[in-house]
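Novice: Quick one: the structure is below, questions incoming.
No lab work stands behind these numbers, since they all come straight from the coordinates. On a predicted model such as this, the values are computed, not experimentally measured, just so you know. FYI the Cβ positions are ideal-geometry reconstructions off the backbone, even for glycines, and counts take in every protein chain you see.
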Amino acid sequence: MWCGGAIAQDALEHPDWQGKGFAPNVPDHPLREIISGLAFRTHETKAMQSDDFNNPGFLAVEEGAALWSKVDGAAGKSCASCHQEAVQSMKGVRASMPKWDEKQKKPVNLEQRINICRSENMKAEPWKFGSPELTAMTTYVGHQSRGTPVSVRTDGPMKPWFDRGRQLFYDRVGQLDMSCANCHEKNYGKFLRADFVSQGQTNGFPTYRLQTQRLVPLHERFQGCMFDVRADPYKPLSDEFLALELYIAWRGLGLPVETPAVRN
Amino acid sequence: MTNVKPRIRLDRKDIKKGDTIEVKALVSHTMESGQRKDKDGNTVPRKIINKFTCTMNQKTLFACDLEPAISANPYFHFKLKPQESGPLIFTWLDDDGTRIEATETITVS
Amino acid sequence: MVVTRNRRQLLAIGAGAVGAVVIGTGLEVGFGRGVAWAAPNDTTDLVKKFTGGKEATAGPLKVVAPEIAENGNTVPLSVMIEGDLPAGRRVEEILVLADGNPRGGVARFTFSAEAVPEASTRIRLAETQNIVAVAKMSDGSFLTASRQVKVTIGGCGG
Amino acid sequence: MRREAALSAAVIAVIFTAPGRLPAVAQGAAAPSAGVAPIAPALLAVKVVEENGVPGVPQALTEKPGDPQAGAKVAVDRRLGNCLGCHQISALGNEQFHGEVGPSLDGAATRWTVPQLRMIVVDPKKIFSDETVMPSFYRVGGPGRVRPEFQGKPILTAQQVEDLVAFLAAQK
């Protein structure tokens with residue numbers, strides 16, 4: 001349908017994303033190929049992510065590491081008091097989030113899991129969503145799963161959440177009347193003005209964004225997309241975003257966790 | 001992010017005279033440009049790191065004066081040809097007078 | 001399909017080409033003649049102040065940056081000397097400016113004799129524009145170089 | 001370019017809804033009465049006429065004729081039409097970065113009549129399908145969760161639609 005011409009691209013290079021993914025190994029998957037957002041970025045951005053020093057997301061990894069062993073709350077504990085070395089104890093945790101929580105009777109994501117630990121075990125105040133502390137800890141814990149393939153459960157009690165998430169992914173919202181799928185399923189691998197559209201995968205979050213020049217948690221990114229189609233975004237950590245997080249994680253089953261990724 | 005220490009990476013610390021050391025330095029800072037408006041339309045006051053220096057034995061080997069056009073979390077990559085051993089002292093100066101320091105000791109033989 | 005470039009781009013290319021000879025001329029192509037260029041910032045004045053009005057010539061100074069920045073808020077940038085400098089000449093300082101930002105100043109690097117005249121950082125560019133570098137040499141002369149970086153425009157209207 | 005499937009079912013002769021501001025909240029997609037094609041609710045007052053099986057809006061939305069120059073600005077402005085977000089338009093070659101989500105708009109006027117171009121801008125779902133990613137630029141209601149400041153307002157004003165249509169009509 002579209003014809004890529006010199007005028008349109010203004011010398012924009014199409015990133016070499018094709019063939020950089022793998023076929024989903026579950027039936028009825030909406031994508032022919034599952035591809036990390038990294039493949040859709042320029043080589044400068046890829047280079048920034050691939051070197052752990054150049055990647056500014058590591059500032060948050062280091063802050064998270066410092067917070068890990070910092071005692072906080074009435075119980076006089078730090079994360080390390082119960083979980084010792086995160087390198088061992090947190091390995092793979094991020095890859096299976098969001099996960100069913102029997103006590104809460106709902107799935108929880110990593111931010112919520114950290115705050116549950118803080119209030120229940122440390123007797124400390126939960127961190128506010130978007131606070132540097134919560135994002136740093138989410139990044140630090142998430143980073144321990146780097147390379148681990150995403151493997152969320154969507155069966156049993158998770159099923160209704162998964163279905164709700166799928167519905168939200170295809171719901172058209174906002175004055176611009178657009179769904180996640182409009183861009184990230186139907187039109188990935190194309191330039192939207194100069195934005196090269198990815199599959200909207202979540203395996204790199206929290207992600208260092210070149211635009212905001214800081215780490216952005218997943219639900220903030222969801223809000224940004226909804227805002228841009230002139231929709232009234234759901235609240236971070238709302239049931240809607242939890243369901244959406246679960247569903248999109250499933251769309252990326254098998255993608256290695258990249259936390260902290262670098263994105264535009 | 002107050003807990004964050006600056007990050008310094010030297011590609012090596014023991015060198016022979018005439019050799020080159022590659023230095024990378026990264027510090028956590030919002031580099032508030034003074035040109036941004038907040039939600040209520042008020043200009044957010046400028047607050048940036050305005051100077052970065054790398055000194056040894058009171059001599060400045062490399063320095064940079066920064067303007068608000070430097071991205072948040074300022075990153076520098078540069079190369080030194082140190083003539084003597086000693087501590088390399090890295091300093092970041094904030095508009096508000098705050099000084100951030102880091103040290104890496106090198107040996108030149 | 002005909003590639004149409006706007007005046008600004010053509011002029012910028014012109015500026016780059018002419019600037020390869022003498023920066024004064026290069027900048028005049030960009031800023032002078034009352035062309036429809038984005039409001040010129042203080043880049044010209046900052047260069048004058050830095051050089052004391054002296055001519056800056058093309059030479060082994062090089063500005064390295066992506067042709068198209070993925071996002072204008074974090075653009076990787078390097079300045080360096082490519083090739084050999086005449087004996088006895090050393091780079092003391094490199095001033096980096098962006099001619100399309102609200103203000104031209106970006107960075108000023110100072111190199112001792114124990115530093116290689118080469119530095120990288122990440123910068124903010126408000127829109128497509130030229131990055132201009134001017135190097136002050138130990139003999140009081142100046143070198144210059146420039147590089148156009150196209151800054152991308154996002155797809156969403158918000 | 002292939003024309004995507006036209007209307008789903010019954011011929012839409014005339015759609016009239018109350019002019020002016022409409023209720024902010026989406027009325028949901030399930031409004032149609034039996035036997036009527038599911039059409040997006042709350043279309044602003046435009047008269048849709050089908051010609052050779054393709055719907056169009058023959059009547060200009062304003063008395064003042066559209067200005068193609070102003071229409072070019074609507075096509076470029078990211079807060080208005082933002083056509084360049086998705087389409088390539090050689091006539092706007094001075095602008096950097098043209099999207100590639102939709103087809104090139106070069107020669108649009110050779111493929112569509114003016115009433116059809118107006119229909120596409122007003123509500124492209126009538127011409128293409130409900131699946132099209134293209135927003136309806138002169139419709140309110142329909143999608144949910146519209147940000148408060150945009151509720152009850154179309155993306156473009158009637159004059160902006162006319163200007164844009166005039167610009168598109170010049171793409172031969």
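Novice: Compute the acute angle (0 to 90°) between the alpha-carbon long axis of helix A:132-143 and the principal axis of greatest extent of the alpha-carbon atoms of chain A; round to the nearest 10°.
Specialist: Roughly 80 degrees, rounded to the nearest 10.
Novice: Quick one: go through region B:62-104 and flag any residue whose amide nitrogen is under 11 Å from the point 7 Å out along the Cα-to-Cβ line of B:K5.
Specialist: Once the point is set 7 Å along Cα→Cβ of B:K5, B:102-104 turn out to lie under 11 Å by backbone N, inside region B:62-104.
Novice: Assuming a ≥ b ≥ c are the square roots of the Cα gyration tensor eigenvalues, decide whether the protein assembly as shown counts as rounded (a/c under 1.5), prolate (otherwise, with a/b larger than b/c) or oblate.
Specialist: Oblate.
Novice: Among B:S109, B:A72, B:T53, flag the residue with its Cα farthest along the positive direction of the charge dipole of chain B, charges on Cβ as +1 for Lys/Arg and -1 for Asp/Glu.
Specialist: Positive-most Cα among the choices belongs to B:S109.
Novice: What ranking do A:90-97, B:10-17 get when scored by the average of other Cβ atoms within 10 Å per residue, highest first?
Specialist: The densest-packed peptide leads the list: A:90-97, B:10-17.
Novice: Fewest first, what order do A:M178, A:M137, A:M122 take by the number of other Cβ atoms within 10 Å?
Specialist: The order, fewest Cβ neighbours first, is A:M122, A:M178, A:M137.
Novice: Another one. Apply the Karplus parameterisation 6.51 cos²θ - 1.76 cosθ + 1.60, with θ equal to phi minus 60°, to every residue of region B:24-30 and state each ³J(HN,Hα) to the nearest whole Hz, in sequence, with x for glycine and proline.
Specialist: 10, 9, 9, 9, 7, 6, 6
Novice: Something else about it: In degrees from 0 to 90, rounded to the nearest 10, what is the angle of the helix A:58-68 Cα long axis to the longest principal axis of chain A?
Specialist: 20
Novice: So which lysines pass the test for B:K39, namely a Cα distance under 22 Å, with those fewer than 8 places away in the same chain ruled out?
Specialist: A:K128, A:K235, B:K47
Novice: Taking a ≥ b ≥ c as the square roots of the Cα gyration tensor eigenvalues, with a/c under 1.5 meaning rounded and otherwise prolate when a/b beats b/c, else oblate, which class fits region A:21-78?
Specialist: It is oblate, given that a/c is not under 1.5 and a/b is not larger than b/c.
Novice: Compute the angle between helix A:218-228 and the longest alpha-carbon principal axis of chain A, please, reported from 0 to 90 degrees and rounded to the nearest 10.
Specialist: Between helix and principal axis, roughly 40 degrees.
Novice: While we're here: Distance in nm between label sites at B:R12 and A:A74, each 7 Å beyond Cα in the beta-carbon direction?
Specialist: Going from the B:R12 label point to the A:A74 one covers 5.8 nm.
Novice: Sorting check: for C:102-109, A:245-252, B:46-53, B:80-87, which peptide has the highest mean count of neighbouring beta carbons within 10 Å, and how do the rest follow?
Specialist: The peptides rank, most packed first, as A:245-252, C:102-109, B:46-53, B:80-87.
Novice: Need one value for A:54-60: mean number of C-beta atoms belonging to other chains within 10 Å of its residues' C-beta atoms.
Specialist: Going residue by residue through A:54-60 and averaging, the value is 5.
Novice: Let me ask you something else. Per residue of C:74-85, count partner chain C-beta atoms within 10 Å of its C-beta, then hand back the mean as an integer.
Specialist: 3
Novice: Over region D:49-169, calculate the relative contact order: mean separation of alpha carbon pairs under 8 Å at least 6 apart, over the residue count, as a percent.
Specialist: 37
Novice: Then there's this: Please state the charge dipole magnitude for the protein assembly as shown, taken about the Cα centre, from unit charges on C-beta atoms (+1 on K and R, -1 on D and E), reported in debye and rounded to the nearest 20.
Specialist: 460
Novice: Among the aspartates and glutamates, which fall within straight-line cross-link reach of B:K16, defined as a Cα-Cα distance under 15 Å, with same-chain neighbours fewer than 8 residues apart omitted?
Specialist: Of all the aspartates and glutamates, those that pass the test against B:K16 - Cα under 15 Å, at least 8 places apart if same chain - are B:E84, C:E114.
Novice: Past 21 Å, Cα to Cα, is the threshold; run A:K103/A:K123; B:K24/B:K51; A:K20/A:K99; C:K48/C:K136 against it and keep the listed order.
Specialist: A:K20/A:K99
Novice: Quick one: check the C-alpha center-to-center distance for region A:233-264 versus region A:75-103, whole angstrom.
Specialist: 19
Novice: Full extension from A:D28 to A:E125: what is 0.36 nm times the residue separation minus their Cα-Cα distance, to one decimal in nm?
Specialist: 30.7 nm
Novice: Here's a follow-up. Under a point-charge model restricted to the Cβ atoms of Lys and Arg (+1) and Asp and Glu (-1), what is the dipole moment magnitude of region A:31-264 relative to its Cα centre, in debye to the nearest 20?
Specialist: Result for region A:31-264 is approximately 320 debye, rounded to the nearest 20.
Novice: Quantify how strongly other chains surround peptide C:58-67 by giving the mean number of their Cβ atoms within 10 Å of each of its Cβ atoms.
Specialist: Neighbouring Cβ atoms belonging to other protein chains average 1 per residue here.
Novice: Another question, if that's okay. For A:E185 and A:R153, what does the FRET efficiency come to when R0 = 30 Å and r is the distance between their Cβ atoms, rounded to the nearest 0.05?
Specialist: That pair, A:E185 with A:R153, gives E of 0.85.
Novice: To continue, here is another question. Please go through region A:6-67 and write out the GluC sites (Glu not before Pro) that DSSP classes as loop and that have at most 13 other C-beta atoms within 10 Å.
Specialist: In loop regions of region A:6-67 (DSSP not H, G, I, E or B), the sparsely surrounded GluC sites (Glu not before Pro) are A:E13.
Novice: While we're on this one: Just tell me which lysines come within less than 16 Å, Cα to Cα, of A:K105; anything on the same chain fewer than 8 places away is out.
Specialist: Here the lysines satisfying the reach criterion relative to A:K105 are A:K159.
Novice: Moving to a separate point now. Determine the alpha carbon to alpha carbon distance for each of A:K70/B:K59; A:K46/B:K59; A:K70/B:K79; A:K46/C:K62 and list only those over 30 Å.
Specialist: Beyond 30 Å between Cα atoms: A:K70/B:K59; A:K46/B:K59; A:K70/B:K79.
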